[in-house]
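See below for the structure under consideration.
Bear in mind these aren't lab numbers, they're just calculated from the coordinates by the rules spelled out. No experiment lies behind these values; they were computed from the predicted model shown. Here Cβ is always computed from backbone atoms with ideal geometry, including for glycine, and neighbour counts include all displayed protein chains.
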Amino acid sequence: MDRKAQTMTSAVGSNRSSRIAGFHKKSPRERLDLVAAFAGLDAGQVAHLANMGNLDPVLADKLIENVIGTMNIPVGIATNMKIDGEDVLIPMATEESSVVAAVCNAAKQNYDAGFSTSVSGNLMIAQVQAVDVRDPSAARLRILERREEIKAACDACDPVLLSLGGGFRDLEVRLLDTPTGTMVVTHLIVDTRDAMGANAVNTMAEKLAPSIAAWSGGRVYLRILSNLADRRLARAHAVWKTADIGGPEVRDGIVSAYQFAAADPYRAATHNKGIMNGISAVVLATGNDTRAVEAGAHAYAARSGRYTSLTTYEVNKDGDLSAAIELPLAVGLIGGATKVHPTARACLAILGVTTAERLARIIAAVGLAQNFSALKALATTGIQKGHMALHAQNIAMMAGAVGEEIDRVARILVERASVRMDVASRVLEEVRGS
Ligand code: MEV
């Protein structure tokens, strides 16, 4: 028997083969039983995974492939937010403590003025890559000359989008120098209205590809949207009065924290991670694509060639702290999980949004609020004090505390300034003994 056959036989013999014929055709429960046998899950783990909570197993099984269960993430509400003069309650789905509290705190400190927001539009970009083009500069012009033909072909792909006022808006052709020659990259720029738009623009790119191959005289490979949605920017700005945030020293500490992130990619990565703590939580709660938004945000942060901060902070003429954020926010209200996931629908209802633009504006404001709180904590008491106070409950649970024990243990951990697992285990024993 050869080595490969031997390995396969022993894997099957020990019931540990990952090659499970027809796995995708089975029901979630059948798959779960197979996985349980593979991994040696106990009855409690199986029962836990089998309980899909408030997501209909039939729907879960349609959203992705090979479903065996669901993963519940808490949804918290950020209070105090006033955006463009309107009070908003913001649902945030996150597993990280302090994230929701950070937004509430930031918004409480500028509630009267709130946040002002804007967007650059709903334009998405699809890229069509042509290679082996003999005369790239002339090919670029040949494609640009077909603008009206391209517009008609794109618009014909999606009559519904067209009827809603969306559709083809612009055309760009870029020449990219690569080790294998100059690539001719066509950008189809499309207004996708209230859809995130990935499916709409990908369909257009695929439809146009044969024509672009013919006009360029080359071969077309990739036909896909760009997540650097820099024609779909959302912006928010806000002013925190120096007197409301603890005085000039706090204000200057925040400005200095921003300047650190602006100057240093190592710090900017953490600074922007904090921003995305807020942004991704709302993106997830509304059933939107967190990875698309994150990729776009980080690519935008590096657009100058050096990765930098997504926010800016300055002292305004009144001596107050003026802050701003700008980033691509490709989110939608229709399509995918946004439309069919009941939690996403309920979260959108809480937000009361009726357009993708408004959703993007709210999300930008949340990112700014999140960042303000993080910088304020970092520039003053440090992040651990507040974070650990909230994290203490998680540690208490990890140590085995249940019910009322959780708060009691967490309180004692904070009082002793020692939010650690080993201490939590000892404290839990004390609490149970008393
Ligand atoms: C932690 O999840 C996020 C922070 O590190 C953000 C920051 O450093 O700005 C606190």
*Can you list the lysines whose alpha carbon is less than 27 Å from that of LYS151, not counting same-chain residues fewer than 8 positions off?*
LYS207
*Would you mind counting up the charge near TYR266? Only other residues with Cβ under 15 Å from its Cβ, with Lys and Arg at +1 and Asp and Glu at -1.*
+2
*Positive minus negative residues near ASP191 (Lys, Arg vs Asp, Glu; Cβ under 14 Å)*: 0
_Rg in Å to one decimal, and Dmax rounded to a whole Å, for the range 34-179 via C-alpha atoms_ = 25.2, 67
*Using all C-alpha to C-alpha distances in the range 385-433, build P(r) with 10 Å bins and read off the rounded percent in each one.*
35, 59, 6
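Quick one: divide the alpha-carbon radius of gyration of the range 210-331 by 2.2 N^0.38 Å and tell me what you get. Let's see the in-between values first.
Numbers: Rg = 18.6 Å, N = 122, 2.2 N^0.38 = 13.7 Å.
Rg over 2.2 N^0.38 Å, computed on Cα atoms: 1.36.
Exactly which GluC sites (Glu not before Pro) in the range 18-99 are in a DSSP loop and have at most 12 other Cβ atoms within 10 Å? Could the numbers behind the result be given before it?
Values: sites: GLU30, GLU65, GLU86, GLU95, GLU96; in loops: GLU65, GLU95, GLU96.
Qualifying residues, ordered by number: GLU65, GLU95.
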*Okay, helix-only estimate at 222 nm for the chain: each DSSP H run of n ≥ 4 adds -39500 (n - 2.57), divide by all residues, round to 500 deg cm²/dmol; what do you get?*
-16000 deg cm²/dmol
*Can you pull out the GluC sites (Glu not before Pro) in the range 132-191 that DSSP calls coil and that have at most 16 other Cβ atoms within 10 Å?*
GLU145
*Grab the eigenvalues of the alpha-carbon gyration tensor for the range 123-225, scale each by 5, take roots, and send me the semi-axes largest first in whole angstrom.*
25, 13, 10
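Using unit Cβ charges (K, R positive; D, E negative) and no other charged atoms, how large, in debye to the nearest 20, is the dipole of the range 385-433 about its Cα centre? Intermediate results must be reported in sequence, preceding the final value.
Values: 7 positive and 7 negative charges, 36 e Å.
For this selection, approximately 180 debye.
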*trypsin sites (Lys or Arg not before Pro) restricted to the range 115-165 and DSSP loop, no more than 15 other C-beta within 10 Å*: ARG134
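Report the equivalent ellipsoid semi-axes for the chain in whole Å, largest first, defined as the square roots of five times the eigenvalues of the gyration tensor built from alpha carbon atoms.
Numbers: eigenvalues 339, 244, 88 Å².
Semi-axes (√(5λ), whole Å): 41, 35, 21.
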*Quick one: P(r) of the range 293-410 from all Cα-Cα pairs, 10 Å bins, percents rounded to integers, in order of increasing distance.*
11, 24, 28, 28, 8, 0
*Straight-line reach from LYS62: which lysines have Cα under 17 Å away, leaving out those fewer than 8 places along the same chain?*
LYS25, LYS26, LYS339
*Mind checking the log10 I(q)/I(0) for the range 178-278 at q = 0.19, 0.21, 0.23 Å⁻¹? Debye, one equal scatterer per Cα, no solvent, two decimals.*
-1.03, -1.13, -1.22
*Sum up the charges of everything whose Cβ sits under 9 Å from the Cβ of ASN80, counting Lys and Arg as +1 and Asp and Glu as -1, but leave ASN80 out.*
+1
*After finding the eigenvalues of the alpha carbon gyration tensor for the range 328-397, what semi-axes result from the square roots of 5 times each, listed largest first in whole Å?*
32, 18, 9
